[in-house]
Amino acid sequence: MAWITTACSISRPSSSEAAKSYTPASKELYNTIAHMDSVLFDAFNNRDLEKQKLLFAADLEFYHDEGGLTNYNQVIENTSRLFSQNNGLRRTLVPGSLQVYPIKDYGAIEIGTHRFCHQENGKDDCGTFKFVHIWQKRADGWKITRVISYDH
């Protein structure tokens, strides 16, 4: 998952520098997508699969650097399986990492970093990963149509 090249890491600003220089094009859109992100992951953290289903478009494409490409049905099956493990898996958004960009006549791009933790052998086992969500504004509300999860 790591995209490591010495040349890129020397010339690229650190993620904290990039986050400091980010200013949303639309504060209203930023607030809307930040809210939708919290709705999605409140449902995830509370194991509310039915609520989560409503936030994904039926034509969802989920790209995972290690898991490959999955569709809506596969994502729902995988999430259901995760929930049934009941290992306390939780997601938190890394503060200051969220960026939102408008997509004309479609919706928004959400970019950020999140942390997933679960209990393993009595201790928290955590990982911090990057993600991109493509949100479409539809008549029935905001839906995620594409997910890119990387840097695992």
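The values are calculated or read from the model by the stated rules, or taken from the named source; none is laboratory data. It should be emphasised that the depicted structure is a prediction, and the values quoted were computed from it without experimental measurement. Here the Cβ is made from the backbone with ideal geometry for all residues, glycine too, and neighbour counts use every protein chain on show. Heavy atoms of the whole protein, side chains included, go into the accessibility calculation; ligands, DNA and RNA do not. Shrake-Rupley method; radii C 1.70, N 1.55, O 1.52, S 1.80 Å.
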Measuring from its Cα centre, the chain shows a charge dipole (+1 at each Lys and Arg Cβ, -1 at each Asp and Glu Cβ) which, in debye to the nearest 20, is 260
Env charge @ residue 146, Cβ radius under 11 Å, K,R +1 / D,E -1, value -2
Placing each pseudo-label 7 Å from Cα in the direction of the beta carbon, residue 90 and residue 152 end up separated by a distance in nanometres of 2.2
In Å², rounded to a whole number, the accessible area per residue of the chain with probe 1.4 Å is 61
Dipole check, the range 94-139, charges on Cβ (K,R +1; D,E -1), about Cα centroid: among 119, 133, 95 the Cα furthest to the positive pole belongs to 133
Of the residues 78, 57, 108, the Cα lying farthest along the dipole of the chain towards its positive end, which is defined by charges on the beta carbon of Lys, Arg, Asp and Glu, belongs to 108
Using a 1.4 Å probe on heavy atoms of the protein chains only, the accessible area for residue 28 in Å², nearest 10, reads 150
Under 16 Å by backbone N from the virtual spin label 7 Å along Cα-to-Cβ at residue 106, the residues of the range 52-73 are 57-63
Which of 51/123; 53/104; 27/51; 53/137; 104/143 exceed 20 Å between C-alpha atoms? The answer is 51/123; 53/104; 27/51
Mean separation of Cα contacts under 8 Å (at least 6 apart) over the residue count of the range 40-152, i.e. the relative contact order in percent, is 27
Under the rule rounded for a/c under 1.5, else prolate if a/b exceeds b/c, else oblate, using alpha carbon gyration tensor axes a ≥ b ≥ c, the chain is classed as oblate
Of the accessible area of the chain, computed with a 1.4 Å probe and all protein chains kept, carbon and sulfur make up a percent value of 53
